[in-house]
Structures are given as C-alpha cells and as structure tokens.
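The values are calculated or read from the model by the stated rules, or taken from the named source; none is laboratory data. Small disclaimer: the values here were computed from a predicted structure and weren't measured. All Cβ positions, even for glycine, are placed from backbone atoms using ideal geometry, and neighbour counts span all protein chains on display. Just so you know, the surface numbers come from the protein's heavy atoms only, side chains and all, with ligands and any DNA or RNA stripped out. Shrake-Rupley method; radii C 1.70, N 1.55, O 1.52, S 1.80 Å.
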Amino acid sequence: MAPERLREEGNYLFSKGEYHLAVDKYSAYIESVADRDDYSKAKKPELVFGYSNRAQGYLMLEEYSKALEDAENALRLDPTHLKSWVRKAKAFGGMKFHQQAVWAYKTVLRDFKDQLHKTNLQELLESLKAAEKMDRMTRLGRYEDGIDEYWDVASNVSEPPLMEEYVGPVEIKLTAATGRGLFATRDLLPGELLFVSNSMITVRVPFEDNEASRNLSQLALFEAIKRRVQNAKLEALEDFTRLQFLVQVAALGGSYPTESLLRDCPSMRYFTPLNGLSSKDRKITDDDRTHPALDTDFSDEMLRRIVEKRQFSHWGTNNEELNGLYSLPCLMNHSCVPNVAVTTMQNRTISKLFRAGRNIKKGDELVYAYYNINCPLDARRAFFPSLCCRCARCELEETLLAEVQPLKSLASQCNKFWEERPTLQGLTQEERHRKRNQCLICLNLLKDLLDSRLAFLTEIQKDMVRASFIRFNRLLHEPALSIAIQDCTRVDIEHEIALISVAVKAMNNVQPGSEIALAMISGIYYRVKRSTLSQEEDEFVGLKEIHRLGIEIIRILNGPHLKNQTVGKLFSYASLIRGVLGDGGSLLATGLLFHSSGD
Ligand SMILES: C[S@@+](CC[C@H](N)C(=O)[O-])C[C@H]1O[C@@H](n2cnc3c(N)ncnc32)[C@H](O)[C@@H]1O
C-alpha cells in the first residue's frame, strides 16, 4: 500500500479512537517511508510525521515509554517539531518523570513562544502547573498546595486533588517482636510527611455487608494482581517500575520469621516513585538482576493470601466499597499508642498519607492504629482477633482490669452502652435524661478512680485509660442524647465543654491526629456557636482551648504548611462528619473531608 494511504488510514483510525490499529498503520507507514529508495532529506518530514503521530497513539494507549521513544525519534530528525516536544512532555508525565516533564513544558513555552496560539498556550501553562505540582509532591513531599487549592473558593477545582506517591524518611527493618516494621531515618516533627501510598490495585463493588460480596471483591483483586504479576514478570528486567512491583508483592507475600532478609526487608529504592529517585537509582543494576523476587513463583496460594490478609476496605460515595492493596502501609505495625497519623483520600485512586503524629526520634519504629483505639481493651482486641497487640497500653490495661474491679465493670458498661446505641433514637425525653445521667455517672466514677486508687499512674498512663472510655463521651454527643443548648444553663454548657476537653486531650495525647477527637471538638464548638448565645462564644471557659486543639489535629493530619483559610474550612466541615463516624470509621472521615466539595 502506498505510504500516503497508510497515513490516511492511520489518521482515520485514530479519529475513531481505534488507537491500537492506528499505531499499526503508522508503523507500516514509517516502514514503507524508511524503505523508500530516495534521499534521506526528502523523507525527513514524513518520518517526523510518522513517529510523532505514533507517539500520540501510544500516549492514548498509555504506553508512555514507547511514546517517549517515538517523540525523541521525531525530534532527532527535526528538533523544531512543536507537536513532538509536547508529546515528549506528556510521555514524561505519563512515566511519572515529573521533573523532566516540567523541563520539557518549559522548553516548549520558551522556544516556541511565537508559534503558540491562545488555547495552546493556556493548555500548556496548565500542564506545566500540574507537572510542577506532581514534582513537588513526589520529590519534596509538598501536598498542601493541592489541598489548599481544592478548598479555595476562588478556584474551580471540583475533583479532589490527585496525590502522587512519595517516600520520605522511612526504612524497612526487622523489629524485635512483630516481624518487619517501618522506622524513621531522621528526627521528625508533628505533621511531617513520612510517605504517601496509592493503592496498587483498587476494585469497586456495591457495598453489601455479606460473604458473597466480600468473596467477589477478593476474587477481583486476586485476578487483577495475578495479571499484573504476570505482566511484570515479562518485562521486569527492562522496566524498573515492574521490578519494583514484583519486589513489593514478594514482600507482602513474604513470611515472617524472615527467611530472606533481602526479600523481606527490601531497600526503599523499590518503593520510591521514579521521580523521587536519582537517575542512577532508576537504572536496573546487576544486583537487581539477581533479586530473589525474580525467582519467586507467586503461586495462586500466595496471591490469595496477600489479598485475604492485606486488603484495605473503604466506603466510597454512592454506597460502594473500594477495596485496595497497598505495599508500604502493609509493612507498618500497629500500636494502641501510635506515633503516626494517617489520612485517606479518594480521588481517581485511593491515596493514604502518613505523617508523624508527634516528635519522633531517628531510629524509632513508626506505628499507627489499624482500627479505632478509643475503646476498652476487649473491644479493641475484637477488631483484629489474630493480632493480640502487646503494646505498653494493652499491657497496662490488662493489669489494671485484672486488679481494679470497678474499672472492669466500667469497661463492660461502656461496651454495653455503646452496643445499645442504635436504639437511642426512639427514647422518650425521660429515658434520654436517664441514659445521659448514667453516662455522666460513669465518667465521674472514672475520674474518681484516676484521682484516688489509680493516682499513682503517670499522666500519659491516665490518658491511656481515659482514651479507652471515650465511648461514654461520644454517647453524650449522640444526637439522641446531646443537650439542646437553648435549654440549658451556662454552667451546663461549661460542664460539657470541660468533659469533652478532658476526653479529647487524652485522645490526642494517646493518638495525635485523631479524626474522632476532631469531629467531637468541631461538633460541640459549632453547637455552642450556632446557639442563641453565639455572641458570647469566646467567653465560654475552655471553648477556645478545644478549638486550638482541633486546629492542631488538622495540621497533624494535613501538614503544617496548610493555609489558615483551609484549616478553618476543614474545622467547620469536621462537625458534619461526627454523625457518620462509627467504630472503624476514621478512614471514612478524612475521605469525606476531601471528597465533599465546598462547605
Ligand atoms: C500489616 S502486617 C505488618 C507487617 C508485618 N510485621 C510483616 O512483617 O509483614 C500485620 C501483621 O503484623 C503483626 N503485627 C503488627 N502489629 C502488631 C502488634 N502491635 N502486636 C503484635 N503483632 C503485630 C501481626 O502479625 C499482623 O498480622
């Protein structure tokens, strides 16, 4: 077929969205032009056209390294070909080489200034801005810009910001008692970013709390990971990201006690996004070629175990469930006194951002809470029966519950009250008061215990005990039990603020960056503010102090550099989530914080 015909057919197929076929036609076109027996100078424009258009086809197919190769082929023949430059920039972006994408967009904007018309220019400026943002995230760990922009009324951003991956001051090592864990490689301040992890694979299923639906989602994850492993195995020695994927899956499937340190404690190079690696570290080395992950058989049994044991579930909007697999988060151990705060964000993927919750020293193990830890020991253990956490708090509580009978009965009342919660809505006025009083009596008993028999505990130990009884405080804030501000005296309100203040301070000392504490603070703050007494809000004893604590929590969860305006919005929005925060619902809370647009 004549080259012109091939070119026309390629264009036609491209316009119809048949990108695979279009790429084939452009390949045939390139070949037939190259084979033609005439001067190379004469063929140059046609070859540039062929390579450049095929690059565009590859971009549509998300085959970015091939797109880059073609764009570069075209530019070698004609370094002034604008479209090839733009395609090269896009290919860099697709490969997540954001630093190079920034450079390529800047080159276009500088060298082709006179050829760009308005729409072109606008589009390129936006692409450059997006690439710069991605670059800041993946190399510097700066995510606040995207969050600020999302919440800025002046911006038209409606989608939650896309969070690219980032790996900061973290390494994998063996712990003394709980297998592998993550450790800090330098001293850290509260709110500092540790790493951001996107799900390797996500499946969306309609939310149905039953066995069949769980099986279906596990099967879908299993099929997806199996396909990805097979593909990665084919190209792992040419493509470093595929090798990274294999190492990550092998690490998740690795058993502990460890058989092979190399496989079970892989270098962070295998977890770091390419844009965060030096160009030397991105290249496949001899050590990579002999990496044990390449010899791993990735049996169905191993992949099934990964899916079953390592899957994270999130509630999505529209009553759907998003189930995902993560690499680094799965290597971090649990503690009921965590030092890491996590937020989850749903955008096109699901991103988890991990930040230091408190001051952390170089070499400290990094631990976060796998589940809601604001409840008594037995309720915590019920969330994850196979774990049996032995952190300092669990050990303390176990001893106290065995030796201090009143504490044990308070714990069982606490759980019982909480389980009765769904029926609170239908109570009469009198029953509500009675129930509320029961909670208040329990809280007073707890206070007396801590002031007398348990007075020997240190302050942080007392806070650990208080944090285990938060359910009493939360019940006081259930819509069915909470006091209507108009109907109560200033003394009542101040008493309630004092109660919540003790509770949220304890929660924050035990688990800095607690979304449940934030929701409780914001809830009472706005209840007082919206009441008829709102003018005097600042005079209420303790209200300012809990507001300050709420702000502190937001900055731990979302970074210390967030604009004040954004922090204010997140604080006001947090009051809306208290109703939907059930046990284990803390992941949902921040998902929602970002998911809903506006206030
Ligand atoms: C998500 S993995 C964490 C990484 C794990 N240590 C490894 O080597 O793969 C969770 C498993 O780690 C162990 N683990 C994590 N936190 C623990 C804790 N606080 N107490 C006891 N075991 C824990 C349990 O075996 C648990 O099933």
Study note, to complete from the structure: The one condition Gln230 fails out of (1) of a type outside the set (A, V, I, L, M, F, W, C); (2) at pLDDT 85 or above; (3) assigned to a helix (DSSP H, G or I); (4) in contact with a helix residue (DSSP H, G or I) (Cβ under 7 Å, 6 or more places away or on another chain) is (4)
Point to revise | For Ala131: the one exception among (1) of a type in the set (A, V, I, L, M); (2) within 30 Å of Lys309 (Cα to Cα); (3) open to solvent by less than 20 Å² (accessible area, probe 1.4 Å) | key: (2)
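May I ask you to verify whether Lys44 is in a loop (DSSP other than H, G, I, E, B), open to solvent by 20 Å² or more (accessible area, probe 1.4 Å) and either out of contact with any Lys or Arg (no Cβ under 7 Å at 6 or more places or on another chain) or more than 20 Å from Leu21 (Cα to Cα) (or both)?
Working: in a loop (DSSP other than H, G, I, E, B): no; open to solvent by 20 Å² or more (accessible area, probe 1.4 Å): yes; either out of contact with any Lys or Arg (no Cβ under 7 Å at 6 or more places or on another chain) or more than 20 Å from Leu21 (Cα to Cα) (or both): yes.
It is false that Lys44 is in a loop (DSSP other than H, G, I, E, B), open to solvent by 20 Å² or more (accessible area, probe 1.4 Å) and either out of contact with any Lys or Arg (no Cβ under 7 Å at 6 or more places or on another chain) or more than 20 Å from Leu21 (Cα to Cα) (or both).
Can you tell me which residue among Lys129, Lys118, Lys173, Lys133 is more than 16 Å from the ligand (Cβ to nearest atom), closer than 26 Å to Ile556 by Cα and charged (D, E, K, R)?
Details: Lys129 fails: closer than 26 Å to Ile556 by Cα; Lys118 fails: closer than 26 Å to Ile556 by Cα; Lys173 fails: more than 16 Å from the ligand (Cβ to nearest atom).
Result of the check over Lys129, Lys118, Lys173, Lys133: Lys133.
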Exercise for review: Please determine, by comparing only the residues of region 62-96 that are more than 27 Å from the chain's Cα centre (by Cα) and assigned to a loop (DSSP other than H, G, I, E, B), which one is surrounded by the most Cβ atoms within 10 Å (Cβ to Cβ).
Suggested key: His81
Review point. How many residues are within 14 Å of the ligand (Cβ to nearest atom), open to solvent by 40 Å² or more (accessible area, probe 1.4 Å) and at pLDDT 65 or above if we restrict to region 254-276?
Key: 0
Point to revise | Residues being farther than 25 Å from Val170 by Cβ and either open to solvent by 40 Å² or more (accessible area, probe 1.4 Å) or away from the ligand (no atom under 16 Å from the Cβ) (or both) - total across region 291-304 | key: 7
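Given the criteria modelled with pLDDT of 90 or more and on the phi < 0 side of the Ramachandran plot, does Thr241 qualify?
On the way: modelled with pLDDT of 90 or more: yes; on the phi < 0 side of the Ramachandran plot: yes.
In short, yes.
Just to be sure before I move on: is Val340 in contact with a Lys or Arg (Cβ under 8 Å, 6 or more places away or on another chain), at pLDDT 95 or above and buried (at least 20 other Cβ atoms within 10 Å of the Cβ) in the structure I sent?
Details: in contact with a Lys or Arg (Cβ under 8 Å, 6 or more places away or on another chain): yes; at pLDDT 95 or above: yes; buried (at least 20 other Cβ atoms within 10 Å of the Cβ): yes.
Judged against the criteria, Val340 is a match.
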Practice item. Go through (1) over 37 Å from the mean Cα position of the chain (by Cα); (2) assigned to a helix (DSSP H, G or I) one by one and return the number of the condition Asn120 breaks. Key: (1)
Point to revise | Residue tally, condition crowded, with 21+ Cβ neighbours inside 10 Å, more than 15 Å from Gly168 (Cα to Cα) and within 14 Å of the chain's Cα centre (by Cα), over region 347-368 | key: 3
Exercise for review: Filter region 179-207 for residues that are closer than 21 Å to Glu515 by Cβ, within 16 Å of the ligand (Cβ to nearest atom) and either open to solvent by 10 Å² or more (accessible area, probe 1.4 Å) or charged (D, E, K, R) (or both) and give the result.
Suggested key: Ser199
Check your understanding: Do you know which residues across region 101-117 are surrounded by 14 or more Cβ atoms within 10 Å (Cβ to Cβ) and part of a helix (DSSP H, G or I)?
Key -> Ala101, Val102, Trp103, Ala104, Tyr105, Lys106, Val108, Leu109
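For every residue, the table says whether it meets (1) crowded, with 20+ Cβ neighbours inside 10 Å; (2) small (Gly, Ala, Ser).
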| position | (1), (2) |
| --- | --- |
| Arg434 | no, no |
| Asp448 | no, no |
| Asp463 | yes, no |
| Ser468 | yes, yes |
| Ala480 | no, yes |
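Take residues that are within 16 Å of the ligand (Cβ to nearest atom) and tell me which of the helices (runs of 4 or more DSSP H) falling wholly in region 364-476 contain 1 or more.
Working: elements: 377-383, 392-403, 405-419, 429-451, 459-467, 470-476.
Counting at least 1 such residues, we get 377-383, 392-403, 459-467.
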